[in-house]
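The values are calculated or read from the model by the stated rules, or taken from the named source; none is laboratory data. As the structure is a prediction and not an experimental result, all values here were calculated from the model. Methodologically, a virtual Cβ is constructed for each residue, glycine included, from the backbone with ideal geometry; neighbour enumeration extends over all protein chains shown. Just the protein is used for accessible areas: all its heavy atoms, side chains included, with ligands, DNA and RNA removed. Shrake-Rupley method; radii C 1.70, N 1.55, O 1.52, S 1.80 Å.
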Amino acid sequence: MELTSPAFKANAARALQDAQLQKALGNVEKGFVAKRAAARQALPEFEALRDQGRALKTHVLEHLDLYLEAYEAKVKASGGHVHWAESAEQAREIILDICRKAEAKTVTKGKSMISEEIDLNTFLEENGIEAVETDLGEYIIQLRHEHPSHIIAPAIHLNKEQVEEDFRRVHTHLPDSRDLSEPVALLSEARAVLRQRYFEADVGITGANFLIAETGSSVIVTNEGNGDLTQSLARVHVVVASIEKIVPTLEDCASILRLLARSATGQDMSVYTTFSTGPRRPEDEDGPEAYHVVLIDNGRTAMLGSEFEEMLRCIRCGACMNHCPVYHAVGGHAYGSVYPGPMGAVLTPSLNGINRSGHLPNASTFCGRCESVCPMKIPLPKMMRHWREREFEKNLTPAATRYGLGFWAFFAKRPALYRRAAGLGMRLLSAFGGEKRRLSRLPLAGGWTDFRDMPAPEGETFVAAFNRQRGA
Amino acid sequence: MDSRTAILSKIKATRDRRDETARRAAVESRLARPVAGLIPARGQLDPEGRIALFLDMIERTGATHERTAGAEDVPALAARYLRERNLPARLKRGTDPRLKAMGFEREAALSLTEGPSDGSDLAAISHADFAIAETGTLMLLSGPDNPVTLTFLPEHHIVVVRAEDVGGDMEAALARLRMLKGKETMPRTVNFVSGPSRSADIEQTILLGAHGPRALHVIVVG
Ligand code: SF4
């Protein structure tokens, strides 16, 4: 997708004015936050499992090369193929080549964020292959030519009326008089339309939540069952996965599964957790004839050994965005990249470079909720701060902020002067505050006062008040 | 340099490889002797406690269930399930010997076909190899005995599981998997199923019957 992260500020301003979007965003808090809290409450071992999960992923990263080699050997032993892609471009070429060899006209797709990251659908379409998203949310946004606004609920920015409009526009073979006012009618219609597509598809592409080194299996975790139909009904199953998805053993996978669904949707376990190993066995009567895995780097190896390495523990549960006040306010599209929310604010600059990711690391109030809910205990706020530092070093911070900070630094290094200047400012502002003790306009602070009043100070600085009270 | 070498050498360049022998040994032993991590207390119950928890958990996902003493009751229960929902008396199953031994021919009104689904079956019956109390989850193994398409294509999926196969946790299910298949071989798919298919993609409203079965019915035998 075209990256619009540098326009975060403008995107966010537009999002705040969008009444439809604001209504839909209400569902984020309503849907996810309480459910996760209840699931966590019901499992006393949850915090201990988080520590265990963090240790496990750290161990994997320390031995990543060795686990990848072991995994590859197992996939081959079970009759599958492994492909390695350094970049998005290489990954797309590899997948196109597999499709061409299978003489594919149509591919079905289970929900996969990495396929969004490499912008696979556009590329396949350009090369004459129809790509059909089968996850309900992904299907809806594909009809709208949009990108996901959430990593596990791609259409969370939409209301049912918008979905109805799209279905009427696209499913023209169905009678106009049909009733689509309830979500269940929309779901049934999508189910019927997509049913045929699974059978028509030559290649089925899924992502992977985990790759298991011990057995060479790929794992998908879903609720709808579309990923399983995608990978069972096509002749060829292609798994696209980034290299950090590796876990050592089946038991290790079980450990992390206890965190994934609870953190994501508040379920104890998602409806379908499927371990797939190789193509169908000679005696099998269904399942794909060929099984390919495309292992993608696309910027991950550059994060290893950097201050962003810990981000590679991410299991894409979405909890950080579900609990983020900035995400609640502006939604996922404002971030202008595939990965929104706090994890996106850290990952997008890592994958695309800070110069192309604009203000993302600033899309934070540093309230720390993301880190406190992250099942992998990733220090997201700390990493956003690292990006801010790099942004500043690279001179990418806006001029006003730079001068402002320089001005502040001048005084901050001279405490006596700072106290005198601050005291003067206080008294001035206090005088302007008037009866209501509020300031509705301030020079250089339009960003604040355009939306809300600034409380007028009471005429004394913190240090002055502190000294007075201590002296008293 | 090919991509595989390039990626692996980039990783190696950033890892602490001062003691490469120890690093290799750590990986080899972890893979050779998988160890279970922390297992929550929730599922650690006696056999009857596990069955009760399993049924409670799977009910919360929207599945229905019943329990019967003998496997020979299953055909009648399956026929009744279809009748009560006004479904045609037709059922698809694989070649699982446990299902075959149940005597479906005694249900004269029930027409039974064998093999994978082509999408036209309204109802199918499978036999699970294990169930997990902690999360209310069934473990099904793909193959001619229980073709994977039966788990996903029909609108109604009836799954039989033996009472003695209801374990506490996923680790117990994985141990069973290793016992059944040997450590080295996995079936094409191991399907862990916790309820009927569902979606919350439209306004976060949970709806059952997305792409997979609209209804899941569990019969515990024993
Ligand atoms: S950063 Fe943590 S909370 Fe956010 S998606 Fe990744 S694992 Fe989940």
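List of remarks:
- Members of the range A:46-62 that are more than 17 Å from A:PRO248 (Cα to Cα), within 9 Å of chain B (Cβ to nearest Cβ) and free of Cβ contacts under 8 Å to residues at least 60 places away in the same chain: A:ALA48
- Within the range A:231-252, being in contact (Cβ under 8 Å) with a residue 12 or more places away in the chain and either at the interface with chain B (Cβ under 9 Å from one of its Cβ atoms) or among the charged types (D, E, K, R) (or both) holds for A:GLN231, A:SER232, A:LEU233, A:ARG235, A:ILE243, A:GLU244, A:LYS245, A:PRO248, A:THR249, A:LEU250, A:ASP252.
- Number of residues in the range A:326-346 that are in a helix (DSSP H, G or I) and within 15 Å of the ligand (Cβ to nearest atom) equals 10.
- Boolean, B:LEU55 is closer than 15 Å to B:HIS217 by Cα and either more than 11 Å from chain A (Cβ to nearest Cβ) or touching a helix residue (DSSP H, G or I) at 6+ places or on another chain (Cβ under 6 Å) (or both): yes
- For the range B:25-51, a residue qualifies if it is touching a residue at least 40 places away in the same chain (Cβ under 8 Å), open to solvent by 50 Å² or more (accessible area, probe 1.4 Å) and under 27 Å from B:LEU99 (Cβ atoms), and the qualifying residues are B:PRO47, B:ARG50.
- Each residue in the range A:305-321 was checked for being open to solvent by less than 10 Å² (accessible area, probe 1.4 Å) and more than 8 Å from the ligand (Cβ to nearest atom), and 2 of them qualify.
- Residues in the range B:94-128 that are in a strand (DSSP E or B) and open to solvent by less than 20 Å² (accessible area, probe 1.4 Å): 5 in all.
Residue by residue, here is whether (1) of a type in the set (Gly, Ala, Ser); (2) open to solvent by 10 Å² or more (accessible area, probe 1.4 Å); (3) in contact (Cβ under 8 Å) with a residue 60 or more places away in the chain; (4) under 22 Å from A:ALA24 (Cβ atoms) holds:
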| residue | (1), (2), (3), (4) |
| --- | --- |
| A:SER149 | yes, no, yes, yes |
| A:GLU189 | no, yes, no, yes |
| A:VAL193 | no, yes, no, no |
| A:GLN196 | no, yes, no, no |
| A:ILE205 | no, no, yes, no |
| A:PHE210 | no, no, no, no |
| A:GLY216 | yes, no, yes, no |
| A:LEU229 | no, no, yes, no |
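- Among residues of the range B:162-196, those that are farther than 22 Å from A:SER217 by Cβ and facing chain A (nearest Cβ under 10 Å), counted: 2
- Considering the range B:129-152, the residues that are within 7 Å of chain A (Cβ to nearest Cβ) and either part of a strand (DSSP E or B) or closer than 15 Å to B:PRO97 by Cα (or both) include one that is nearest to the chain's Cα centre (by Cα), namely B:THR137.
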